[in-house]
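Each value in this text was obtained by applying a stated rule to the coordinates, not by laboratory testing. Predicted model only: the values in this text are computed from it and were never measured. Every residue, glycine as well, gets a Cβ built from its backbone with ideal geometry; the counts of neighbours run over all protein chains shown.
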Amino acid sequence: MSEPSLDTPFRERAGRALRDSFLQEALSIATTKFIDLRREAFAGFPGGDALRDRAREIKEATLQRLDHHLERLIDNVEARGGHVHYAATADEARRIVLDVARRAGARMAVKSKSMATEEIHLNEALAAAGVTPVETDLGEYIIQLAHERPSHIIAPAIHKTKGQVAELFTRELGREAEPDPEVLTRIARAELREKFLQADLGITGANFGVAETGTIVLVTNEGNGRMVTSLPRVHVAVMGVEKVIPSMTDLAVFLAILAKSATGQKLSVYTSLVDGPRRGGELEGPEEFHLVLLDNGRVGQLAGPLREALACLRCGACLNVCPVYRQIGGHAYGHTYPGPIGILLTAMLNGSESVRELAHASSLCGACADACPVRIDIPRMLIELRRDVSERRIAPWTERAVFGLLGWLLQRPPLYRAAARIGRVLQRPFVRGAVIRRVPLFLGEWTRTRDLPPIAARTFQERWADLEREGRR
Amino acid sequence: MDRAAFLARIRAEMGRATGLPASRPTGRPARPREQLDVLRREMAERWPESLAGFKREFERVGGVLHRVADARDVAPTIVAIARERGMQRAVAWHADALGVDVAPALTAHGLPTTAATDAEVDPRERERRRAVAAAADLGVTGADLAVAETGTLVVVSGAGRPRSASLLPTCHVAVFDREALVESLVQVGLVLEAWHDGSPPPWRGASINFITGPSRTADIELTLTRGVHGPREVHAVFVERGLSSRRA
């Protein structure tokens, strides 16, 4: 399925975001707040760094025996009366969920926030099959009503003002609403409560799948995850294969760092452990529980250059600290997963072809790697992606030509020195003050948003040669 | 795709991976149930510190802790909470699951309360009872763990322990005693290992929920708002002399 926002080039999408003054302010406030909350949470938690190392090691050890842990998960889910399905692609995953929905006779599905179902574009497929999908996370509900996509992994509607939300509720729900978050939240509560009680199908992702117990773990703040897994007759969880962890002992480690990284909470309000369908004597719980194991590009990276990204917990910490994300927000990236990790995940899902522009949407400052709770070396992989984009000649030809010429020159010192001398003459008409503000032709792209330092009156090599002569004297 | 083909592809890709860092998996408790007994004995000696820690964190996330001497004092405390807020109706866990029979006392004091059944009932009756919970202002549950590190109540679902009681009403009141107190998430990990060790007791349900304060969202302009889907208020009542509860 095509992403409408991808029709325009990244530069234009980013440019639009930069001109949106509300977005700029919202991004700045939100990301700064998340950064502060995260810092405070870890400052009051002396064992945090050691736990982050442990968490990463658990992820790595689990990937090294991924087949074993998945088999344990599958066996234990089935032993509890759940059904497990296998989706190699997004298309297979959609068909599996649609099939479950059809057999359940579902007309409406309530969903709790899930990046995996965003990734496979499940909502469009459900709607096309006559099943109305209802997002129940407040932020997701807002953007669904607005027919938009999430702009942040954990705060999907940060790009909207309360005034915009009030207008949206008035238009879409026919309810006159004040632009007050408290009032708007109450309206959403009432609207969605009805849906929870009526829906035949509940759809979730999974933050973790615990292999040794067959447990699916969901983390939410609003309680919608609990509703979706307890009230509808059928529950389907869509889980990326890399989300499996061995045991409850491991779960305790991840829970201790996940919420701190995401929102600065010690724990999110609700952590729900789902041990399969309803058991005898229970008032609530689904009669059927389905787990969809999703590959969609993940398995191909087990031995691939993006393997490290399989450790991602989807906490959003790298978005908040990224100087590029902080300027352009999530939509400009144009894919399901925004931010630094989003570039890697997009390449994982859609191939490196799909990030030939995005691979460069990073200053490689390393803030993302510092913030990552499992210490994923995102800049290293971005550099590899750039190399890949360059080797496979999918970068624009102008860029390839310029860098090709530069590389050729750098290998020929006499020519390089001659070029510097010629450049010194040619640059004269363009130097204003001590900088070049504009260069001609297609090279002008370079100076559209930045200045270029002119070639020095005497280059370093020339001065070095002089100094050497003086030294000999 | 079927299971065999799916796993075969994973094995093939795993086989191609080279130069992987050495990494050891986490050591799991060998006999979690026995270790849990040891932990419980340790916790029994340190409960006042655990309770103080729980109170601090629980209040930090917006919870209200009440302390009563005896199980008899639970109902009056809940009635007071309901009266202050003009609440009309309540639902509660089954007396055996709660460790105290609050429903008759609450009803007698002007808060009509429906206690959960611990028997299997048909789908229509389940739906009816869920509607009762959805219409209630207040839900009374037990708490199988109270975690000092995070101010978290851990609630296990099951027969006589409806999930809706801590979810659908606007106010949730959890009743617990010193036996539920643990210090840390690491200890919770051990408890979860023990609960999942061997076959579960017949009353055990399929859902375990960690509840850390009232339902909240900051999705509109990052303004913190309570009670978006779950309860707007969470109270915990600590019973000093203990409840006669069956443990998860």
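Against the longest principal axis of chain B, how steep is helix B:185-195, in degrees 0 to 90 to the nearest 10, with axes from Cα atoms?
90 degrees
Could you let me know the centre-to-centre spacing of segment A:1-66 and segment B:146-173, using Cα atoms, in angstrom?
When both Cα centres are located, 31 Å separates them.
Quick check on chain A: helices-only [θ] at 222 nm, where DSSP H runs of length 4 and up contribute -39,500 (n - 2.57) each and the sum goes over total residues. Nearest 500, please.
One gets -15500 deg cm²/dmol as the mean residue ellipticity at 222 nm.
Measure nothing fancy, just the Cα-based angle from helix B:74-84's long axis to the longest principal axis of chain B, in degrees from 0 to 90, nearest 10.
Helix B:74-84 sits at roughly 80 degrees to that axis.
In whole angstrom, note down how far apart the Cα centers of segment A:317-338 and segment B:189-240 are.
31 Å
Past the 20 Å Cα-Cα mark, which pairs from A:K59/A:K260; A:K160/A:K266; A:K113/B:K55; A:K33/A:K260; A:K160/A:K243; A:K266/B:K55?
Exceeds cut-off: A:K160/A:K266; A:K113/B:K55; A:K160/A:K243.
Taking beta carbons within 10 Å but only from partner chains, what does the mean come to for residues B:164-173?
Mean partner-chain Cβ count within 10 Å for B:164-173: 3.
Would you order A:L283, B:L7 from fewest to most other beta-carbon atoms within 10 Å of each residue's own beta-carbon?
In increasing order of surrounding Cβ atoms, one gets B:L7, A:L283.
For each cysteine in chain A, check whether another cysteine's C-beta sits under 4.7 Å from its C-beta; list those where none does.
A:C312, A:C315, A:C322, A:C365, A:C372
Normalising by the residue count of segment B:100-212, find the relative contact order in percent from Cα pairs under 8 Å and 6+ residues apart.
Computed value for segment B:100-212: 29 percent relative contact order.
Long-range amide H contacts for A:M108: which residues qualify at under 5 Å (H placed 1.01 Å from N, peptide plane, sequence gap of 5 or more or a different chain)?
Distant-sequence amide H within range of A:M108: A:T132, A:D200, A:L201.
Sort A:267-276, A:17-26, B:229-238 by packing, meaning the average of other beta carbons within 10 Å per residue, with the highest value first.
Details: A:267-276: 26.4, A:17-26: 15.1, B:229-238: 24.1.
Going by the mean number of other Cβ atoms within 10 Å, highest first, we get A:267-276, B:229-238, A:17-26.
Note down the magnitude of the dipole of chain A about its Cα centre, charges +1 on Lys and Arg C-beta and -1 on Asp and Glu C-beta and zero elsewhere, to the nearest 20 debye.
Charge dipole, chain A, about its Cα centre: 2340 debye, nearest 20.
Just to confirm my numbers, what's the Cα centroid distance between segment B:42-79 and segment A:375-399 in Å?
The distance from the Cα centre of segment B:42-79 to that of segment A:375-399 comes to 56 Å.
List every residue whose amide H lies under 5 Å from the amide H of B:A115, counting only residues 5 or more places away in sequence or on a different chain, with H placed 1.01 Å from N in the peptide plane.
B:A92
Over segment A:398-472, calculate the relative contact order: mean separation of alpha carbon pairs under 8 Å at least 6 apart, over the residue count, as a percent.
Relative contact order, segment A:398-472: 23 percent.
What number, in percent, do you get for the relative contact order of chain A if the mean sequence gap of Cα pairs under 8 Å and at least 6 apart is divided by its residue count?
Relative contact order here is 18 percent.
Would you mind ranking A:W408, B:W47, A:W446 so that the residue whose beta carbon has the fewest other beta carbons within 10 Å leads the list? All intermediate terms of the calculation are to be shown ahead of the outcome.
Numbers: A:W408 11, B:W47 20, A:W446 14.
In order of increasing Cβ crowding within 10 Å: A:W408, A:W446, B:W47.
How many nm is it between the label spots at A:L405 and A:T161, if each spot is 7 Å from the Cα in line with the beta carbon?
4.7 nm
Would you please give the FRET efficiency between A:R412 and A:E445, computed as 1/(1 + (r/R0)^6) with r the Cβ-Cβ distance and R0 = 25 Å, to the nearest 0.05? The partial results should precede the final answer.
On the way: r = 26 Å, r/R0 = 1.04.
Here the calculated transfer efficiency is 0.45.
When Cβ neighbours within 10 Å are restricted to other protein chains, what is their mean count per residue of peptide B:2-14? Kindly include the intermediate steps, with their values, before the conclusion.
Working: counts 2, 8, 1, 2, 12, 9, 1, 7, 10, 5, 4, 11, 9.
Across B:2-14, the average partner-chain Cβ count within 10 Å equals 6.
Arrange A:C312, A:C368, B:C171 by Cβ neighbour counts within 10 Å, fewest through most, would you?
With the fewest neighbours first, A:C312, A:C368, B:C171 line up as B:C171, A:C312, A:C368.
Helix B:123-135 versus the longest principal axis of chain B: what is the Cα-based angle in degrees, 0 to 90, to the nearest 10?
60 degrees
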